[in-house]
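The structure appears below as structure tokens.
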Amino acid sequence: MIKFEELTLGEIEEVELMLNTSIDRAFADGKPKGRALRVLFYVAKKREVPGYKFEDTEKLTQKEALEFLTGDESKKE
């Protein structure tokens, strides 16, 4: 699970650079979330797997990403 307030400044900067907008705007109501969700998942996953690549997020489902980011372990193997 990742909480916005626990992102490092470097991670926030990486998210904003990859999205070319502020993190607040990227997750504002009504904004497209696909790329923002991919970037946030990527940054969070790199904490566990330092060699994880952004391209690896492409085939991830929204459900899988949200479960990872929110810590929903109901489907954990």
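Inside region 43-57, residues that are in a helix (DSSP H, G or I) and either more than 12 Å from the chain's Cα centre (by Cα) or under 16 Å from LEU19 (Cβ atoms) (or both) make up a count of 8. Among the candidates LEU60, LEU40, the residue that is under 17 Å from MET1 (Cβ atoms) and not in a helix (DSSP H, G or I) is uniquely LEU60.
If you filter region 11-37 down to residues that are part of a loop (DSSP other than H, G, I, E, B) and basic (Lys, Arg), you find that the one that is least open to solvent (accessible area, probe 1.4 Å) is LYS33.
To keep it simple, each residue is scored yes or no on (1) open to solvent by 80 Å² or more (accessible area, probe 1.4 Å); (2) at pLDDT 95 or above.
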site: ALA44; (1), (2): no, no
site: ARG47; (1), (2): yes, no
site: TYR52; (1), (2): no, yes
site: GLN62; (1), (2): yes, no
site: ALA65; (1), (2): no, no
site: ASP72; (1), (2): no, no
site: LYS76; (1), (2): yes, no
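The values are calculated or read from the model by the stated rules, or taken from the named source; none is laboratory data. Predicted, not measured: the structure shown is a model, and the values here were computed from it. No Cβ is skipped: glycine too gets one built from the backbone with ideal geometry, and neighbour counts run over all protein chains shown. Just the protein is used for accessible areas: all its heavy atoms, side chains included, with ligands, DNA and RNA removed. Shrake-Rupley method; radii C 1.70, N 1.55, O 1.52, S 1.80 Å.
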